[in-house]
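Quick notes on the structure that follows.
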Amino acid sequence: MPRFAMMSTLAALVAAPAMAEIPAPRATELEHMVIQDCGSCHGLTRKGGLGSPLTPAALSHAEPEGLALIILDGVPETAMPPWRPLLTEEEALWIADYLLKVDP
Ligand code: HEC
């Protein structure tokens with residue numbers, strides 16, 4: 001591989017946050033969804049409401065894979081609905097990463 005190509009590959013790896021791969025426009029939609037839809041129960045700033053707080057601090061002990069499963073399947077016997085009809089597994093993982101890494 002020519003040296004410049006390798007350099008730009010490395011730069012891309014460093015620049016990209018370690019989040020699930022989602023096209024930028026879809027990521028913007030998901031971010032809106034977190035604020036609007038999830039926010040209706042978890043609070044616009046994710047500090048909690050009917051649902052528990054979803055800030056990086058509140059979720060610091062959670063694994064992204066576990067959160068993604070909760071997002072996909074909901075929590076039985078609670079108001080937390082399953083989002084599987086609306087999200088792919090990749091997208092749920094992206095949201096989990098977002099909740100864990102991005103402060104509201
Ligand atoms: C209708 C209300 C409602 C909506 C909308 C909702 N949630 Fe929830 N969610 C809850 C409730 C209630 C719980 C707490 C369940 C429990 O008691 O364990 C919860 C729990 C969770 C948990 C587990 C938190 C933890 O500390 O284990 C995650 C993650 C979560 N929700 C993410 C989301 C995401 C992401 C969305 C939007 C795609 C969303 N929720 C939308 C009500 C909601």
Long-range amide H partners of Thr88, meaning residues 5 or more apart or on another chain whose placed amide H is closer than 5 Å, are none
Residues with beta-carbon under 11 Å from that of Arg84, excluding Arg84: net charge, scoring Lys, Arg +1 and Asp, Glu -1? -3
Of the range 82-104, those with amide N under 16 Å from the point 7 Å along the Cα→Cβ vector of His32 are 87
Where does the charge balance sit around Gln36 when Lys and Arg score +1, Asp and Glu -1, over other residues with C-beta under 13 Å from its C-beta? -2
The ³J(HN,Hα) series, computed from each phi in the range 38-52 with the Karplus coefficients 6.51, -1.76 and 1.60 at θ = phi - 60°, rounded to the nearest Hz and given as x for glycine or proline, is 5, x, 5, 10, 8, x, 4, 9, 6, 8, x, x, 4, x, 5
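The numbers here are math on the coordinates, done by the rules we state, and not lab data. Everything numeric in this text was worked out from a predicted model, so none of it was measured. Positions of Cβ are generated from backbone atoms using ideal geometry, with glycine treated the same way; all protein chains shown enter the neighbour counts.
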